[in-house]
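The values are calculated or read from the model by the stated rules, or taken from the named source; none is laboratory data. All of these numbers come straight from a predicted model, not from anything done at the bench. Backbone-built Cβ (ideal geometry, glycine too); neighbour counts: all protein chains shown.
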Amino acid sequence: MSGLPNVLAAARIDTGDTAWMFVATALVLMMTPALGLFYAGLVRSKNTLNTFMMCIAAIAVATVTWAAVGYSLAFDEGNGFIGGFGHAFLDGVTFAPREGQAIPHLLFFAFQTTFCVITTALVSGAVVERMRFGPFLVFAALWSILVYAVLAHWAFGPGWLFNRGTLDFAGGIPVEMGSGFSALAAALVVGARKDYGRLALLPHNAVYVLVGAGLLWFGWFGFNGGSGFNTGQNSTLAFVNTLLTPACTLLVWFALDAIRGRRVTAVGAATAIIVGCVAITPAGGFVSPGFAMLLGGLAALPCYAVLVWRARTRVDETLDVLAAHGVAGFTGILFIGVFAQLSWNGVADGIAFGDAGQLLDQGLAAVAAPAYAFGVTYVLLRVMGAFTSLRSSAQEESQGMDVVHHGEEAYVTGEGAILVLPDAGHEAPKPVAEPG
Amino acid sequence: MKLIVGIVRPEKANDVLEALYRAEVRGVSITRVQGHGGELDRVETYRGTTVQVGLSEKVRFEVAVSDDFVDPTIAAISAGARTGEVGDGKIFVMPMERAVRIRTGETDHAAVTPVDR
């Protein structure tokens, strides 16, 4: 009986598009562990695992909340502000493609899930090295619904920004501005690390940072290249721009580093890769390759400035999610309003090509999304903070989150570790590491 | 002349350095060491393997000082390293026979006195 609808569905499915979306989905999922590696390298060695684990936890938590209600609230009809519960618990999400697409609805869901996951993981960068792991899990669950799903509805679903024609190819609104401005709110509510502004708190492994950034860039080809949900012209444009933009950001970043400190830094280069990828995220399928390269160079300037300025303030937004994602996403969203080109994208022109209205649509998103993300995250964490302590004690902070929250260390030597045998219990431990 | 050895928590090492600096003690060497005092063992689990970790990371300060500086040095290390919890560390003071500054060949008191610049 169920054979017939599936046959009809299969007829409308494009095998090439579907094959690419399988790959793109897997590429985007890989970005979250890559982000974990990037973040883990930026913190002190005693917090390596906890920082990585926050990203892994985002995969666990946000996948489940997204399947339960998040996807429905984002992509079901509902109203302009939020979707309905029509697709809650994946109701009606089957093989038949969505309107205007030629890939299975179920695959579209999986692709969108990986976006919710990495965005939730991104926010953790604001609170690493001090937030308790349990409250973070609760925060991640609530944030993925209250902030991410709503912003995704505005930008991708039939939400008010989408309906009025605001362009956001791969998530400048929900992913980049959503995470960046939420990170600022989270840092303000959770508070600074106890030694922030007093001791030098340095990245413990710049190689992790570079490898993480490289893997993120790799995954970003799926992120941007897959956001057309097909293998058409806009997807090709976004895919190629994902190569061009970060390269230009890197070059400008090198120059800024050289002017400011006379040396080109590795951690700076890793940051520049992220900034470039973020900037092209909203604009990928809408601007010409030439303007994508301009965007890459341009985006480096405000992000670099915010990064340098933030470090001088009392705001311990630890891994600069605001600068790298919020500001770069903001730049990309506005850039569309200026340099979008109908002859390249087939959708709309920016003000430079004669349509001033597009810039207004983009500007609305650039104001509304940050305000919503900041406000809701601030209130959410304040409310959570009224029920439980969000952060570890000063003593636990000095011990390190790895030992306190996970009972593990990233760099174990095994020296002095005594095996606890199940039958012997703690009474008669057997030494396993003989000195010398 | 004494050699003062202070074994402190790694997270307090910066506070100790700062306290020594304020006490105008200038010559310091530090080493990362592992040791066991009276503190409780931590239990860690890696997949099925549970271990009791008996050695803790510590930082060992070595400061060679003239007699006048012994008490200020001890006070500085104590102030910088104390948290009040078990595991704050120890300070050992031992006699020192000779000290030589390699650059000038100065010995003893002159060798452990900071150079005025």
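Looking at segment B:47-64, I want the residues that are over 14 Å from B:Ser29 (Cβ atoms) and more than 9 Å from every other protein chain (Cβ to nearest Cβ) and have a partner that is assigned to a strand (DSSP E or B) and among the β-branched types (Val, Ile, Thr) with Cβ atoms under 7 Å, at least 6 apart or on another chain. Which pairs are those?
Close Cβ pairs satisfying both conditions: B:Lys58/B:Ile7; B:Lys58/B:Val8; B:Lys58/B:Val33.
From the set of residues in segment A:65-102 that are outside any loop (DSSP other than H, G, I, E, B) and polar (S, T, N, Q), which is nearest to A:Leu137 (Cα to Cα)?
Ranking the candidates gives A:Thr65 first.
Which one is nearest to B:Arg47 (Cα to Cα), of the residues in segment A:395-418 that are in a helix (DSSP H, G or I) and within 8 Å of another protein chain (Cβ to nearest Cβ)?
A:Val403
For segment B:59-117, enumerate the residues that are modelled with pLDDT of 90 or more, surrounded by 11 or more Cβ atoms within 10 Å (Cβ to Cβ) and acidic (Asp, Glu).
Result: B:Glu62, B:Asp71, B:Asp88.
Quick one: which strands (runs of 3 or more DSSP E) lie wholly within segment B:26-117 and hold at least 3 residues that are charged (D, E, K, R)?
In segment B:26-117, B:56-65 are the strands (runs of 3 or more DSSP E) which contain 3 or more residues that are charged (D, E, K, R).
Please go through segment A:149-174 and give me each residue that is outside any loop (DSSP other than H, G, I, E, B) and closer than 22 Å to A:Asn345 by Cα, ordered by number. First the steps, then the outcome.
Within segment A:149-174, the subset outside any loop (DSSP other than H, G, I, E, B) is A:149-155, A:160-164, A:172-174.
Residues satisfying the conditions are A:Ala152, A:Trp154, A:Ala155, A:Trp160, A:Leu161, A:Phe162, A:Asn163, A:Arg164, A:Gly172, A:Ile173, A:Pro174.
Which of (1) within 14 Å of chain A (Cβ to nearest Cβ); (2) touching a strand residue (DSSP E or B) at 6+ places or on another chain (Cβ under 9 Å); (3) closer than 21 Å to A:Gly400 by Cα; (4) of a type outside the set (Lys, Arg) is the odd one out, the single condition B:Thr31 does not satisfy?
Condition (1) is where B:Thr31 drops out.
Does A:Gly261 count as out of contact with any Leu (no Cβ under 7 Å at 6 or more places or on another chain) and over 25 Å from A:Val28 (Cα atoms)?
yes
I need every pair where a residue in segment A:94-111 that is farther than 13 Å from A:Phe156 by Cβ and without any contact (Cβ under 8 Å) to a residue 40 or more places away in the chain has its Cβ under 9 Å from the Cβ of a residue that is in a loop (DSSP other than H, G, I, E, B) and of a type in the set (S, T, N, Q), sequence separation at least 6 or different chains.
Every condition considered, the pairs that remain are A:His105/A:Thr94; A:Leu106/A:Thr94.
Which of the following residues is in contact with a strand residue (DSSP E or B) (Cβ under 8 Å, 6 or more places away or on another chain), of a type in the set (A, V, I, L, M, F, W, C) and over 22 Å from A:Met131 (Cβ atoms): A:Ile351, A:Ile418?
A:Ile418
When you check B:Leu20 against the structure, is it outside any strand (DSSP E or B), within 12 Å of chain A (Cβ to nearest Cβ) and not acidic (Asp, Glu), yes or no?
No; evaluated as a whole, the condition is false for this residue.
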